[in-house]
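*Asks:* A single structure is presented below for examination.
Computed from the coordinates by the stated procedures, all read-outs in this text should not be read as laboratory data. Here the structure is a predicted model, which is why all the values come from computation and not from measurement.
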Amino acid sequence: MTVELVDTAERTRESQKFAALYAEVQQFYAHQMQILDAHDSERWAGTFTEDAVFELPSLPEPVRARVGLARYVREGAARQRRAGNRLNHWVGMLDVQPQPDGSLRTRCSALVYVTPAGGSSKVLYVCVMEDTLVRTRGKWRTAHRRVTRDDLA
């Protein structure tokens, strides 16, 4: 009977620990997407590691490093302003898998909405986002992101 209580207590501690981690990762993505939607390119790039790799199906090669990531967001923001559109991102269906080295593998659905000036929002892309997150200087950061789109599968 004592062994069962210890096992139950240990499982409860592990569940609580994972629940806290899961909430932390959800908050990370909420913050990261809000920064992206605000076109704050430098802060958004700061949510990635210095040597991050960002793979998008619409680009011929991955975007690399924070400098490249910030440039990518600035250029995208300029295109959206010229078109008179606003993009917003929604992330859900999050799966978090802790790795033995302390990193996290995550997979989630990501929806990109476009709202034309004076118009109604519409889903522009349905994506799957697969990340490797690492903790650096006390914060989670994306080391690698691979995005796939349903319409390009």
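*Asks:* To test your reading of the geometry: what angle, between 0 and 90 degrees and rounded to tens, separates the Cα axis of helix 65-83 from the longest principal axis of the chain?
*Replies:* The two axes meet at around 50 degrees.
*Asks:* If you work out P(r) over Cα pairs in 5 Å bins from 0, in percent from the coordinates, which of (1) 2, 10, 18, 19, 16, 11, 8, 6, 5, 3, 2, 0; (2) 2, 8, 15, 21, 19, 13, 8, 5, 4, 3, 2, 1, 0, 0; (3) 1, 7, 12, 15, 16, 14, 12, 8, 5, 4, 3, 2, 1, 0, 0, 0 do you get?
*Replies:* So the calculated entry is the one marked (2).
*Asks:* Counting each DSSP H run of 4 or more residues in the chain as -39500 (n - 2.57), what helix-only mean residue ellipticity at 222 nm follows after dividing by all residues, to the nearest 500 deg cm²/dmol?
*Replies:* -13500 deg cm²/dmol
*Asks:* What number, in percent, do you get for the relative contact order of the chain if the mean sequence gap of Cα pairs under 8 Å and at least 6 apart is divided by its residue count?
*Replies:* Numbers: 241 pairs, mean separation 30.4, N = 153.
Computed value for the chain: 20 percent relative contact order.
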